Amino acid sequence: MKKLLLGTVGTALMLAACSPQTPETDDQPADVAMSGTQMEGAATREDSDSEVTIADARAFLENAEARLLEDWNYTARIFWVQANFITDDTNWLASRAGAASTELAVELANEAARYTHLDLPPDMERKLNILRTGITLPAPSTEGAATELSEIATQLGTMYSTGTYDVDGEPADLQVLSNIIETSRDPEILQDIWQGWRTNAVDMAPLYARMVDIANEGANELGFDNLADMWLSNYDMPPEDMEAEVERLWSQVEPLYEQLHCHVRAGLNEEYGSNVQPATGPIRADLLGNMWAQQWSNIYDIVAPEGASDDGLDVTALLEARNYTAEDMVRTGEEFFSSLGFEPLPETFWERSLITQPRDRNVVCHASAWDIDAVDDIRIKMCTEVNGEDFQTVHHELGHNYYQRAYAVQDFLFRGGAHDGFHEAIGDFVGLSITPEYLQAIDLIDEVPSADADLGILMRQALDKIAFLPFGLMMDQWRWGVLRGDTPPETYNESWWELRTRYQGIIAPGGARPGDAFDPGAKFHIPNNTPYLRYFLSFIMQFQFHQAACEMAGWEGPLHRCSIYGNEEVGQRFLAMMEMGQSQPWPDALEAFTGTREMDGSAIIAYFAPLMEYLEEENADRQCGW
């Protein structure tokens, strides 16, 4: 999945936690979290909290937003440079900026607590809550804690981004290793590469444990039992209610995943034999065509429905046949949004984005969308390759950028997604309109294939969209256990694989993992501290958005054949929701576009109904489950 950098207030404050910087304000040193004088002042303020007024709260919020915006403009540029030029110097700058931004975020979060007892207007109350809960990695006020937390976060991110494993005697980076996992059909090679990449994470474990301790102390100071509850407080409902909501959504889609798992396991058994992949039980993780077994479309050739005629929809082949470049792909994505009535991307987007991997230096290749000035200096950073996966990714990342620009009309603290799942869902919702009809409209295919291609198209999509759902769920299930202390460091890896087997039905190749393994660290979002629930929610909501948009457009055919390309009426409703940003509770934003106030997985079931029928028939005589 793709990390959103500096795209929402919550994520910005996450960077304020991983990397932050505080501008010098009121003559206070920028690199001091809370001096002794400040702490004495804080104690004095506690005595006078009962005397503060609504006018005081308004003045505080105005000052806080001005300071955060100044910090954003400074810190965003440091992190942009660090991500594009990974050196000891840029890492030092990022760490220094991160510590200062953490201190600013924590200072403002603690100060916000002074006003929570007031009977405030809803917008002011919401801003105070965002300040209090929007920090991904809060540092405690203990001297040196913010600096230590930032240094650890920077070190973990760098360890991931610079990780390699030797292939044929030469160090290979993640891009090369992932290509092998995606294309090889040799189980010995797959196991070697899969295990090799994970050796990069071993040394992360003690650093990660220390980071958890510091961040939990910070969460405690802000009034939360632990960081997990703090994260879950960002969804306009109590943490326990949000956890229950997640399980409800999973229960809606779990039957479809189980049928897909059963069919894929049978295909792998036929391809490799029972000695490699048994016909029953969990699936070997390295056989699924993805380094993390989170999306499985790279093994479509192994599990394709018999007789499915979707060869003409191999988007990689179509792009290559039309001599597309990486920039062509991005401009095609821009044209999709223009067809909905959106303004073109600013010229600075093309001047400042990183679209292809440089040959002369290390960069963070993980695709991301950036909002540098919280107004219109929007950019993407991708090591784009001309293939179908990156064609989807381009549309996804641009969705972030258009959302960022839309909610720039709001006050600074409301410049974010209604919740973090909205940001991810918006880009992927647009991607669902990459249908045969859309491919014909942009001249990638000459004729729309007949309905007999639909089963293959749906299978390809399910291998990405449905296969991902339990992975998207278990990532933060694991972290919640760690952050609450239910999973101590000595059982980090054991707990990881218990959840992966329980939810995904997969196991590690080669038997039991080494005692020092820290396999969670082999996935970008763990060492880089990006909450992952957003992706699970987005995979639910993108289909909900798609169904609502197609109803607006008057579409009467199968849901999976609908494209909103060129529909400005849908674009206007879409833009209106995006412009709300984080100014209202997320059910209000959801209702503005879909007409309902509840997240719902039923649209996924409707979208994949023909595939579900096929899978149930194919699996009738198989022993499903694990």
Taking only DSSP H segments of four or more residues, each worth -39500 (n - 2.57), what value at 222 nm results for the chain once the sum is divided by all its residues, to the nearest 500 deg cm²/dmol? -18000 deg cm²/dmol
How long are the semi-axes of the ellipsoid equivalent to region 407-537, from square roots of 5 times the Cα gyration tensor eigenvalues, in whole Å, largest first? 35, 24, 11
Where nothing but the Cβ of Lys and Arg (+1) and of Asp and Glu (-1) is charged, how large is the charge dipole of region 487-528 around its Cα centre, in debye to the nearest 20? 200 debye
Taking the alpha-carbon centroid of each part, what is the distance from region 69-98 to region 331-390 in angstrom? 19 Å
Viscosity 1.567 mPa s, 4 °C: Kirkwood-radius Stokes-Einstein D of region 294-365 over Cα pairs, µm²/s: 82 µm²/s
Within the chain, the percent of DSSP beta bridges that are antiparallel, given to the nearest 5, stands at 65 percent
For region 45-127, dividing by residue count, accessible area per residue (probe 1.4 Å) in Å² works out to 47 Å²
Karplus-derived HN-Hα couplings along region 609-623 (A = 6.51, B = -1.76, C = 1.60, θ = phi - 60°), whole Hz, x at Gly and Pro: 4, x, 5, 4, 4, 4, 5, 4, 5, 5, 8, 4, 9, 9, 8
Give the Debye-formula value of log10 I(q)/I(0) at each listed q (0.14, 0.15, 0.28 Å⁻¹), with one equal scatterer per alpha carbon of region 73-130, two decimals each. -0.54, -0.58, -1.03
At a temperature of 25 °C and a viscosity of 0.890 mPa s, determine how fast region 199-264 diffuses translationally according to Stokes-Einstein, using the Kirkwood radius over alpha-carbon pairs as Rh; express D in µm²/s, rounded to the nearest whole number. 166 µm²/s
Residue-count net charge about GLN440 - beta-carbon cut-off 14 Å; Lys, Arg +1, Asp, Glu -1: -2
Rounded to a whole number, the Stokes-Einstein D of region 210-311 in µm²/s (Kirkwood radius over Cα pairs; 20 °C; 1.002 mPa s) is 125 µm²/s
Per the 1.4 Å probe, what fraction of the accessible area of the chain, in percent, lies on carbon and sulfur atoms? 46 percent
Out of these labelled values of Kirkwood radius over Cα pairs in Å, (1) 25.8; (2) 25.1; (3) 27.2, which was calculated from the coordinates shown here? (2)
Taking 2.2 N^0.38 Å as the expected size of a compact globular protein, what ratio does the Cα radius of gyration of region 527-626 give against it, to two decimals? 1.33
Just in region 289-379: which GluC sites (Glu not before Pro) are loop by DSSP and have at most 14 other Cβ atoms within 10 Å? GLU306
From the residues ALA219, GLY273, PRO344, which one has its Cα farthest along the dipole of the chain in the positive direction, the dipole being from +1 and -1 charges on Cβ of Lys/Arg and Asp/Glu about the Cα centre? GLY273
Charge dipole of region 534-626 built from unit charges on the beta carbon (Lys, Arg +1; Asp, Glu -1), centred at mean Cα; most positive-end Cα among ALA592, ALA549, LEU575 is LEU575
Whole number in Å², please: accessible area per residue of region 176-265, 1.4 Å probe, ligands, DNA and RNA not counted. 37 Å²
Assuming R0 = 41 Å, what is the FRET efficiency of GLN357 and GLU447, from their Cβ-Cβ distance, to the nearest 0.05? 0.70
Using +1 on the beta carbon of Lys and Arg, -1 on that of Asp and Glu, and nothing else charged, what's the dipole of region 232-349 about the Cα centre, debye to 20? 400 debye
Most to least packed among 175-181, 471-477 [average Cβ atoms within 10 Å]: 471-477, 175-181
Charge dipole (region 343-462, unit charges on Cβ, about Cα centre) - positive-most of ILE426, CYS365, ALA462: CYS365
Number of Lys pairs in the chain with C-alpha atoms less than 17 angstrom apart, excluding same-chain neighbours closer than eight positions? 5
Compute, for the chain, the length of the dipole vector about the Cα centre, with Cβ point charges of +1 (Lys, Arg) and -1 (Asp, Glu) only. Units Debye, rounded to 20. 440 debye
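The values are calculated or read from the model by the stated rules, or taken from the named source; none is laboratory data. For clarity, every value in this text was computed on a predicted model and none was experimentally measured. No Cβ is skipped: glycine too gets one built from the backbone with ideal geometry, and neighbour counts run over all protein chains shown. Keep in mind that these areas ignore ligands, DNA and RNA; they rest on the heavy atoms of the full protein, side chains included. Shrake-Rupley method; radii C 1.70, N 1.55, O 1.52, S 1.80 Å.
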